[in-house]
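Okay, structure first, notes after.
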Amino acid sequence: MIRLIAAFAALFVLAGPSRAGGYQDAATCFTLINEGGDLESAVIHCTRALDSRELRGADAAPVYYNRGWAYDALGDYQRAIEDYGRALHIRPNYVRANVARGYSYVQIGDLDRAIEDYSRALEAEPNNFEARFNRGLAYEQKGELALALADYERAQALRPGETRVQTILKRLQQNN
């Protein structure tokens, strides 16, 4: 068994270091993001993974998404929007990318595009709490309180114990 494992390891090494590099950089990027590590390093690793051209098709979408997420967390919303867009170009029904790009649009004040992204996410996944709640926030910021209230009520039905929704609903109901 040990010889078999050693043989597979040797084949992996002989396959070329570049193959391991792109996927390894992607894995490092994901780890840094998921463990709350250095986001600038995460961006570097995601970029290396994408530049390696080893990640093809659907394999590249989560790397663009994660790099976008790191840009988002670093406050570089325009780059985040671009990367989420690249992920969505590869996987048009990538719900997490729509929700994340919607958030970035809110951060730059483009509420209409944010609402479009949240709505696309909800078309693909009608019970997505984050898309529903965030669309409610965007509608509220636009002053479209009836639409916001409808989204908040649906979000509350999806997660009855969610305190954020309860607080907002209570505030809106008191003001009306």
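The values are calculated or read from the model by the stated rules, or taken from the named source; none is laboratory data. The structure displayed is predicted, hence computed values, not measured ones. Don't worry about glycine lacking a Cβ; one is built from the backbone with ideal geometry, like all the others, and counts go over all protein chains shown.
I'd like the residue in the stretch 107-124 that is more than 14 Å from the chain's Cα centre (by Cα) and either hydrophobic (A, V, I, L, M, F, W, C) or within 16 Å of residue 156 (Cα to Cα) (or both) and, out of all such residues, is surrounded by the most Cβ atoms within 10 Å (Cβ to Cβ). Selected residue: 115. In the stretch 32-55, the residue that is modelled with the highest pLDDT out of those that are of a type in the set (S, T, N, Q) and under 19 Å from residue 87 (Cα atoms) is 47. Quick one: in the stretch 62-85, which of the residues that are touching a residue at least 24 places away in the same chain (Cβ under 8 Å) and of a type in the set (D, E, K, R) is nearest to residue 107 (Cα to Cα)? The extreme case among them is 72. The residues on offer are 63, 13, 99, 106, and the sole one that is over 30 Å from residue 144 (Cα atoms), at pLDDT 95 or above and not aromatic (Phe, Trp, Tyr) is 63. Would you say residue 172 is modelled with pLDDT of 95 or more and not polar (S, T, N, Q)? When the stated conditions are applied, residue 172 does not pass them.
If you scan the stretch 21-57, which residues turn out to be surrounded by fewer than 17 Cβ atoms within 10 Å (Cβ to Cβ), touching a residue at least 24 places away in the same chain (Cβ under 8 Å) and under 24 Å from residue 105 (Cα atoms)? Scanning the stretch 21-57 gives a single hit, 40. In the stretch 115-123, is there at least one residue being free of Cβ contacts under 8 Å to residues at least 40 places away in the same chain and in contact with a Ser or Thr (Cβ under 6 Å, 6 or more places away or on another chain)? There is no residue in the stretch 115-123 that is free of Cβ contacts under 8 Å to residues at least 40 places away in the same chain and in contact with a Ser or Thr (Cβ under 6 Å, 6 or more places away or on another chain).
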